[in-house]
Amino acid sequence: MAPSPWSLHLAPGEIAIVAVLAGLGVLAFRAARPSRARAAASIAGVALTAAVLLTPVSTVALHYLLAAHLFQNVALAEWVPLLLVLGVSPPLAERLTANPVARRLTHPFVALPLWLVSYATWHVPAVYDAALRNHGLLALEHVSYLATGLLLWWPVVHDAPHRLSNAARAVYLFAAFILASPLGLLLTFLPEPVYGFYEEAPRLWGLSPLADQQLAGVIMAGSEAIVFFAAFAFFLSRFLDDER
């Protein structure tokens with residue numbers, strides 16, 4: 001029996017992820033006190049993580065609708081990492097990326113491919129269904145989204161350790177959008193459902209498996225268009241101002 005779609009999802013793995021992010025935020029605040037705006041971004045990132053992992057959003061994602069799960073994935077892979085990276089003060093960013101491993105992982109030509117591979121791998125139907133049936137694998141999926149998302153946004157937000165020009169940041173964001181968007185579009189236009197788990201799941205709100213998949217694709221593609229285009233437009237405008 002599936003739980004009520006309105007029930008909280010207070011699983012140990014999800015609670016641990018939220019607790020670790022909150023703890024790291026406290027340590028970051030103590031190590032280099034950020035501005036109020038950066039502190040607010042960090043708190044918002046932790047709060048959003050809790051909202052998609054511990055609330056009915058997670059219950060619906062894990063038992064009923066692919067659309068809810070893709071909304072959860074988008075939040076963990078794109079929105080939360082951006083907020084958390086924005087929450088890191090520049091002095092702390094320099095300290096965190098002073099070692100060779102961090103320098104390599106935050107390089108744009110490393111960070112973007114890692115994020116794309118993570119996104120693509122977890123959406124392979126066999127892998128996706130396996131994660132939904134294995135809670136440990138699902139926790140690994142969530143952590144990989146968060147980790148590669150942090151790497152993705154790092155060179156966009158911070159000058160350390162790779163100082164990119166505004167033009168380079170705009171190109172990087174445009175590339176991220178172009179390379180990631182086909183997945184959402186594919187899910188939107190496929191004529192048949194591809195995730196067996198959700199074909200067998202209880203139906204909710206009258207959505208058929210195919211309609212659920214199409215809605216999921218729209219959510220993914222729409223989110224990427226909004227987030228990446230907004231960031232791209234910001235750095236493009238800064239580049240044009242520099243040129244003027």
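The values are calculated or read from the model by the stated rules, or taken from the named source; none is laboratory data. Keep in mind that what you see is a predicted model, and the values were worked out from it rather than measured. We place every Cβ from the backbone using ideal geometry, glycine too, and count neighbours over all the protein chains shown.
Any idea which of (1) in contact (Cβ under 8 Å) with a residue 12 or more places away in the chain; (2) among the aliphatic types (A, V, I, L, M); (3) in a helix (DSSP H, G or I) is the one Ala160 doesn't satisfy?
For Ala160, the failing item is (3).
Could you look through region 116-139, keep only residues that are under 17 Å from the mean Cα position of the chain (by Cα) and in contact (Cβ under 8 Å) with a residue 60 or more places away in the chain, and pick out the one that is surrounded by the most Cβ atoms within 10 Å (Cβ to Cβ)?
Tyr119
Of the residues that sit in region 172-231 and are aromatic (Phe, Trp, Tyr) and not in a loop (DSSP other than H, G, I, E, B), which one is nearest to Thr106 (Cα to Cα)?
Result: Tyr172.
Taking helices (runs of 4 or more DSSP H) that fall entirely within region 52-115, which contain at least 3 residues that are modelled with pLDDT of 95 or more and crowded, with 20+ Cβ neighbours inside 10 Å?
The qualifying helices (runs of 4 or more DSSP H) are 56-63, 66-74, 80-86.
Looking at region 187-206 only, could you name the residues that are under 18 Å from Tyr128 (Cβ atoms), surrounded by 15 or more Cβ atoms within 10 Å (Cβ to Cβ) and hydrophobic (A, V, I, L, M, F, W, C)?
Leu187, Val194, Phe197, Ala201
Within region 232-244, which residues are exposed (fewer than 14 other Cβ atoms within 10 Å of the Cβ), part of a helix (DSSP H, G or I) and free of Cβ contacts under 8 Å to residues at least 40 places away in the same chain?
Correct list: Ala233, Ser237, Leu240, Asp241, Glu243.
Looking at (1) of a type in the set (A, V, I, L, M, F, W, C); (2) within 23 Å of Ile17 (Cβ to Cβ); (3) surrounded by fewer than 19 Cβ atoms within 10 Å (Cβ to Cβ); (4) over 16 Å from the mean Cα position of the chain (by Cα), which one does Leu164 not meet, given that it meets all the others?
Failed condition: (2).
Taking region 22-43, which residues are surrounded by 18 or more Cβ atoms within 10 Å (Cβ to Cβ) and among the hydrophobic types (A, V, I, L, M, F, W, C)?
Correct list: Ala28, Ala41.
I'm trying to understand the selection: among the residues of region 5-42, which are of a type in the set (Ser, Thr, Tyr) and in a loop (DSSP other than H, G, I, E, B)?
Ser7, Ser35
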